Number of protein chains: 4
Amino acid sequence: MDLSGIYPPIVTPFGKDENISVEKLEENFAKWNKHSFRGYVVQGSNGEYAFMRPDEKIMLLSKVRQLAPKDKLIIAGSGCEATRDTIEMTSRMASAGADAALVVTPCFYKGSMNAAALENHFTQVADSSPIPIILYSVPANTGIDLPVECVINLSSHPNIIGVKDSGGDISKIGYMVHKTSGNNFQVLAGSASFLLASYVLGAVGGVCALANVLGSEVCQLHQLYQEGKLDEARLLQHKLILPNTAVTKTYGVAGLKASMDMMGLYGGPTRSPLMRSTQKQMLDIAGIFKEFEGFGG
Amino acid sequence: MDLSGIYPPIVTPFGKDENISVEKLEENFAKWNKHSFRGYVVQGSNGEYAFMRPDEKIMLLSKVRQLAPKDKLIIAGSGCEATRDTIEMTSRMASAGADAALVVTPCFYKGSMNAAALENHFTQVADSSPIPIILYSVPANTGIDLPVECVINLSSHPNIIGVKDSGGDISKIGYMVHKTSGNNFQVLAGSASFLLASYVLGAVGGVCALANVLGSEVCQLHQLYQEGKLDEARLLQHKLILPNTAVTKTYGVAGLKASMDMMGLYGGPTRSPLMRSTQKQMLDIAGIFKEFEGFGG
Amino acid sequence: MDLSGIYPPIVTPFGKDENISVEKLEENFAKWNKHSFRGYVVQGSNGEYAFMRPDEKIMLLSKVRQLAPKDKLIIAGSGCEATRDTIEMTSRMASAGADAALVVTPCFYKGSMNAAALENHFTQVADSSPIPIILYSVPANTGIDLPVECVINLSSHPNIIGVKDSGGDISKIGYMVHKTSGNNFQVLAGSASFLLASYVLGAVGGVCALANVLGSEVCQLHQLYQEGKLDEARLLQHKLILPNTAVTKTYGVAGLKASMDMMGLYGGPTRSPLMRSTQKQMLDIAGIFKEFEGFGG
Amino acid sequence: MDLSGIYPPIVTPFGKDENISVEKLEENFAKWNKHSFRGYVVQGSNGEYAFMRPDEKIMLLSKVRQLAPKDKLIIAGSGCEATRDTIEMTSRMASAGADAALVVTPCFYKGSMNAAALENHFTQVADSSPIPIILYSVPANTGIDLPVECVINLSSHPNIIGVKDSGGDISKIGYMVHKTSGNNFQVLAGSASFLLASYVLGAVGGVCALANVLGSEVCQLHQLYQEGKLDEARLLQHKLILPNTAVTKTYGVAGLKASMDMMGLYGGPTRSPLMRSTQKQMLDIAGIFKEFEGFGG
């Protein structure tokens, strides 16, 4: 399975009652499908997967599988705290049409999530999964940076095909590419802010929150790098950092959804305890995206 | 509701298949009920609540309600990541016999869990709950230390009656007691290591993992403080720190369960991804508890 | 040497040119000497020792030795990054009249400051020092929390007589007292916020920034505890937390100096890069001290 | 002043008595001068500047100025905790022959080192300095990551010509390049591990501990990037990460010096409290460098 390319980790559209709006999902897909994405990540951090019930997760995935063209990869977030739950959810996601599963590090008992525990968890999940597994390290949410030695060890498992790294340590990304080469293992950058650097170090693609709202530009960065247009790629990368930071680190999922509302997609409310962006935050986001567009010229 | 006293946050006994063993739960209660606990916390961090499915949580709570004498308070961990799920779980826990609900800070989207979001979450939960709410701050697991100003603001809510603070910042504990006095608000220490200090600063009780295994001694510390025997209390507190650290910070839930197996209770396996203590860890734990008993003289 | 009691870690008074003002030092001592302090700490963190040149440090210490009554202990901060420099400074401080030296953990190469390196450093210093050594752990400044095992090991050195712990982990403080008992080793709390809790766990005194400005009240807390008046002590402790936090964690040395200016002592400017408190910060500090005084009734 | 190129932050050679060995310095320069370095950084973190006395610093710099060819830039670490000391040291360094000064963030009072304090410090230093200033952010040592907005603001000062960033956040590096373009401001990567990524984002050179020992290879990476040979550059970068990590994050300055001893340069002892690498650490380092050489083919 060739993972090369850009994936938006799609936001989950809610109505005012915080229930999933299939209608708004369809509207967003009508726009997203125009981009040259390699596929979609469903139920990643930006999909508020931590707030979704199991049946909602399955329903959403099935719907996405229908809305996305056949040739798009559907990668499903299936990680739970318990290994047994992760195994079951991965299996259900596969039945619902997922091409691969993205499995986040368990994190509540972080003091005990040493290398042995993490390797054991991922190995059990990969052993039993009907679809390939992609490891997922997102320390800003979990407080755990999947150790590089774990990734290297796990890369030799035949059913573990890659890692999404959202930590942004470019030395780690380079070292993972280096030490897993020959294992049919692919590295995906977990954010648009370090996408170009990741490509240069050997990553094959990116799962980028920003692609929810600036899908065309993120795909363009991928394309420019593929074509060896490094100077143009650098300039575009430079310009993407500020809007990307705004809709991730600074303002989170609510900020991402607010930016979508501004840019012609449907963002809508988040689920509580996440709160809508304040007026002040929205003004800041608007200013950043306006500056970006001006730049884009 | 007077919360004064000691509560073990009970471990959930599993068989080899990682399923709940009601039989072993009964065995443990036969021993726990001999102590002068104020009550039991069900589905706290040490109960591996993060690994339990909703129906398991309810079943376990109902069973505990049967096994515990009527006069023991049953405090149920009902916190979920989503506010809506927390509200529903709290309601179900109340129906199943919980006297109060212990609600942990949501934590996955920690970058967005500012004071406003946390206050809003707890307020919604408290507004709709049929039973009183106890706030729960456990930064070692969640990465979030519930801000002291949040606690103070929330303490005036008529349905929020206290906080369990496992962070161990004794200045914070003192300040919370000070600023919430007059609000019918009670502070519980979240660990035996700082129990005496918390009492001196005005806490009324403790939810102590160590009480699973050294229930008598933790209750004795409570008693000594109540009787004003500060010198004896100090000595006992000194002796409890090392075993307490072993079964919490150092070796986690698996260490706690291992110590129970050693001391005549049922600990048994943890759920994966938590792993059983290694032989080396068990030797260390055994040495620490042996030294403690010798001390206890 | 009996260390029991309260020590202000005295601020260094500067004129507008940032040079030491001996005149202002004398003014402050005229007031400080009225309190029942056990002694003075010179060149601690609040003395801006990190900004002082070696000759300034010696001059200041000599002056303090003259200004303080004979029976007051003078404890001199003599820690430097290099062991050789610490040894020399300790020796010079002794010659200038220090009764004991307070030696902070070196911290610039924190990645290498493991237990072995720290024990080796303190042992070398203690071996060669003409005066007793007090270990000093202040993680908020150094990023290093002197490991409890180091303290226990070092406590058996005949020339190491105690530790000032500013980290505030009350479990660590209790454990240190417990494991060093019998070694003629004394524990000092490094802040007024956890002074009472430290006493209850077995500390003998406190080095408290707040004693620069509220010397009488901090000494009173010591006295109340000594007399077994725990309820009064608790109330006073509660009231001291907020002003103490303001002049340490929240507003730092500049805040402490601002509060002194407000309360009839000389605070004056800090050395750059520390900046004077802003107008807004000063208003906040003033409000906190005003509320405290009202309380004090 | 064009800063483009590679600089080793040279280690300070000590004899067994921990005194500077000029002879060993000369031996190292005889080898270093064969590489195509752009210049040398004297008294950076790897030069154990935190352990050096002012006169030693000046002596060492003067000596380096003699030993280095005229066309090599000499960049002198002149940062001290106090602004006044930094100003004086910068001036003395300039007189002793430094071409530019590398000024680290003050860090002891980290709670007060906000953007305003840092900007004020660097501005004062730059205003009075006879030579250009390069900002220096090294959070692993200082606990402070110089905020990107500070760097951007300071980049417009006519006497501040660049920044050495050792934090390794590639998004920050890209954003700094982007927002300081047009200000005659140059960004240097602070470590060989993220050198290639930094170049691609617009950095002009690197100050790399690893260049002390693998000077030729680090210069080669610079050269490959300049020539647009990205695939070869990537491979070399991959191979440099592990040895670089060993002599920085994992084993620190002692590890770097040990590797120099192995590779035909003079490393020698560190100053206490830094301790020589243990036998086990040296075996690990030797294995890593041997694997690297084999690779290098």
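Nothing in this text is a laboratory measurement; each read-out follows from the coordinates by a stated rule. If you're wondering where the values come from, they're calculated on a predicted model, not measured in any experiment. Here the Cβ positions follow ideal geometry from the backbone for every residue, glycine too, while neighbour counts run over all protein chains shown.
Side notes on the structure shown:
- Residue among C:GLN281, C:LEU236, C:GLY167 farthest towards the positive dipole end of chain C, charges placed on Cβ: C:GLN281
- Rg followed by Dmax, in Å, when the range B:171-227 is reduced to its Cα trace: 11.5, 35
- Using Cβ point charges alone (K and R +1, D and E -1), the dipole size of chain C about the Cα centre works out to roughly 280 debye.
- Residue by residue along B:193-200, Cβ atoms of other protein chains within 10 Å of the local Cβ number 6 on average.
- Counting all C-alpha pairs of the protein assembly as shown, share separated by more than 39 Å (%): 53
- The range D:5-228, Cα convex hull volume normalised per residue, Å³: 115
- Averaged over the residues of peptide B:34-44, the number of Cβ atoms from other protein chains lying within 10 Å of each residue's Cβ is 0.
- Part-to-part distance (alpha-carbon centres) for the range B:224-279 and the range B:162-212, which is given in Å: 19
- A prolate overall shape is assigned to the range D:223-284, the ratio a/c of its alpha-carbon gyration tensor axes (a ≥ b ≥ c) being 1.5 or greater and a/b exceeding b/c.
- For the range C:1-66 and the range D:35-108, distance of Cα centres in Å: 33
- A label point on A:GLN226, set 7 Å along the Cα-to-Cβ line, lies at 3.3, 7.3, 8.0 nm from each of its counterparts in the other copies, closest listed first.
- Springs join every pair of Cα atoms under 10 Å in this Gaussian network model of chain D, and among D:GLY206, D:GLY143, D:GLY182 the largest mean-square fluctuation is at D:GLY182.
- Counting only other chain Cβ atoms within 10 Å of each residue's Cβ, the peptide C:169-180 averages 6.
- Mean separation of Cα pairs under 8 Å and 6 or more residues apart, divided by the residue count, gives the range D:5-228 a relative contact order of 20 percent.
- Pairwise label distance in nanometres, B:GLN279 with B:SER95, each label 7 Å out on the Cα-Cβ vector: 5.0
- The rotation axis taking chain D to chain C passes closest to the C-beta of one chain D residue; that residue and the distance in whole Å read D:GLY143, 2.
- Subtracting the Cα-Cα distance of D:GLU26 and D:LYS249 from 0.36 nm times their residue separation leaves 77.5 nm of extension gain.
- Hypothetical label at D:ASN114: residues of the range C:251-290 whose amide nitrogen lies under 16 Å (7 Å Cα-Cβ projection): C:251-259, C:270, C:273-286
- Under a model in which nothing but the beta-carbon of Lys, Arg (+1) and Asp, Glu (-1) is charged, the protein assembly as shown shows a dipole of about 0 debye around its Cα centre.
- Calculated [222 nm] ellipticity per residue, helices only, for chain A: -14500 deg cm²/dmol; basis is -39500 (n - 2.57) per DSSP H run with n ≥ 4, divided by all residues, nearest 500.
- Between C:GLU88 and C:ASN184, the contour length at 0.36 nm per residue exceeds the alpha carbon distance by 32.0 nm.
- Each other copy places its own label point for A:ALA286 at 3.8, 6.7, 6.9 nm from this one, sorted shortest first, where the point lies 7 Å along the Cα-to-beta carbon line.
- Between the residues D:ILE10, D:GLN43, D:ILE20, the greatest Cα displacement towards the positive end of the dipole of the range D:1-55, with unit charges on the Cβ of Lys, Arg, Asp and Glu, is found for D:ILE10.
- For B:GLN124, label point 7 Å along C-beta direction: distances to other copies, nm: 3.2, 4.9, 5.8
- Top of C:PRO243, C:PRO130, C:PRO69 by mean-square fluctuation, Gaussian network on chain C, Cα under 10 Å: C:PRO69
- This model, with +1 at the C-beta of Lys and Arg and -1 at the C-beta of Asp and Glu, gives the range D:88-192 a dipole about its Cα centre of some 80 debye.
- Shape call, the range B:1-127: gyration tensor on alpha carbons, a/c limit 1.5: prolate
- Pairs of Cα atoms nearer than 8 Å and 6+ residues apart set the relative contact order; for the range B:150-254 it is 22 percent.
- Distance between modelled label sites at C:ASP231 and C:LYS16, nm, 7 Å Cα→Cβ extension: 5.4
- Structure remark: mean-square fluctuation, Gaussian network model of chain B, C-alpha springs under 10 Å; the largest value among B:GLY205, B:GLY111, B:GLY190 belongs to B:GLY111.
- Under Karplus coefficients 6.51, -1.76 and 1.60, residue-wise ³J(HN,Hα) of the range C:131-145 in Hz, glycine/proline x: 10, x, 10, 10, 5, 9, 10, 9, x, 5, 9, 9, x, 10, 9
- Cα shape, the range B:138-287, gyration tensor, a/c 1.5 rule: oblate
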